[in-house]
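A short write-up of the structure that comes next.
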Amino acid sequence: MELLTKQIEKDFEKNMTLPELDRKPVVKYFHPAGSATWLISEFDGKDLMFGLCDLGMGFPELGYVSLAELRSIHGPLGLGIERDLHWSANETLSKYAEAARQKGHI
């Protein structure tokens with residue numbers, strides 16, 4: 001599965017025109033055989049992404065992740081990171097982050 005499409009890149013560009021606190025996540029990535037999840041709201045156009053990162057250890061946090069690194073992850077059964085095709089944001093990234101901190105996960 002392609003993690004980054006042309007449409008997603010356009011959505012990132014549009015998101016960057018909004019004030020930082022108004023930005024919603026554009027895409028959700030997850031590992032199908034684990035609990036790692038990323039809600040990404042920004043992309044530098046090359047490799048660096050910013051969003052809410054939850055590696056499944058109870059400490060979700062806002063931070064940066066490399067697209068190349070996400071593409072290189074292969075866990076049990078050789079499964080890689082996938083993009084949630086049916087997910088769309090209904091809150092800002094900051095609201096997702098606050099809820100995740102309270103719950104301990106996204």
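The values are calculated or read from the model by the stated rules, or taken from the named source; none is laboratory data. Quick caveat: nothing in here was measured; it's all calculated off a predicted structure. When we count neighbours, we look across all protein chains shown, and the Cβ atoms used for this are built from the backbone with ideal geometry, even at glycine.
Observations
- Condition met for residue 88 (within 23 Å of residue 103 (Cβ to Cβ) and either part of a helix (DSSP H, G or I) or free of Cβ contacts under 8 Å to residues at least 12 places away in the same chain (or both)): yes
- If you filter region 10-50 down to residues that are surrounded by fewer than 16 Cβ atoms within 10 Å (Cβ to Cβ), touching a strand residue (DSSP E or B) at 6+ places or on another chain (Cβ under 7 Å) and of a type outside the set (A, V, I, L, M), you find that the one that is farthest from residue 69 (Cα to Cα) is 32.
Residues are listed down the side, and each one gets a yes or a no for (1) over 12 Å from the mean Cα position of the chain (by Cα); (2) in contact (Cβ under 8 Å) with a residue 24 or more places away in the chain:
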residue	(1), (2)
1	yes, yes
16	yes, yes
25	no, yes
40	no, yes
54	no, yes
57	yes, no
74	yes, no
96	no, yes
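- Inside region 61-72, residues that are surrounded by 13 or more Cβ atoms within 10 Å (Cβ to Cβ), over 16 Å from residue 12 (Cβ atoms) and hydrophobic (A, V, I, L, M, F, W, C) make up a count of 1.
- Candidates in region 76-85 are the residues that are charged (D, E, K, R) and outside any loop (DSSP other than H, G, I, E, B); of these, the one that is farthest from the chain's Cα centre (by Cα) is 82.
- Matching residues, region 58-75, being of a type outside the set (Lys, Arg) and touching a Gly at 6+ places or on another chain (Cβ under 9 Å): 58, 59, 60, 62, 63, 64, 65, 70, 72, 73, 74, 75
- Options 75, 58: the member that is exposed (fewer than 14 other Cβ atoms within 10 Å of the Cβ) and at positive phi: 58
- So residue 35, is it of a type in the set (S, T, N, Q) and either at pLDDT below 95 or touching a Cys at 6+ places or on another chain (Cβ under 6 Å) (or both): yes
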